[in-house]
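Comments concern the structure below.
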């Protein structure tokens, strides 16, 4: 098989590739065949070294498709990372808002009990109990918010 016939068959076999890649491949084999013939190698020896045009095209297409698979896998992993980061943030934000409501509710109930005592000049055991209970709820909510924030900061780094 002469050089021109080989290149023509290689061009047909690589017709599925993008134009730039196909031209680059054809140019490479054109230069390779030219230099091998100038070195005095026979066409049979060259054909055994490089294989048939179909084999070359198959190997090149397979290598190109692996790159595409890797790119798709990388994009998929990036998308999953974004999804995990976003869902983690939303989950922690929801819990923080819920705990913030408990905290603010406890503070508000202590304030209202204080106003009740100041305005009506009376205090009951139940009011003392409620003030202590609300203070405890507020303190626990504050502690959990603090722990949740620290946990979020450590979790956030895992998905970036």
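A few remarks follow.
- If the condition is being in contact with a helix residue (DSSP H, G or I) (Cβ under 7 Å, 6 or more places away or on another chain) and surrounded by fewer than 14 Cβ atoms within 10 Å (Cβ to Cβ), then region 101-114 contributes no residue at all.
- Some residue of region 115-136 being under 27 Å from the mean Cα position of the chain (by Cα), loosely packed, with under 12 Cβ neighbours inside 10 Å and assigned to a helix (DSSP H, G or I): no
Every read-out reported here was derived from the displayed coordinates using simple, explicitly stated rules and does not represent laboratory data. All values reported here derive from a predicted model rather than from experimental measurement. With ideal geometry, Cβ positions are generated from the backbone for all residues, glycine too; neighbour counts draw on all protein chains shown.
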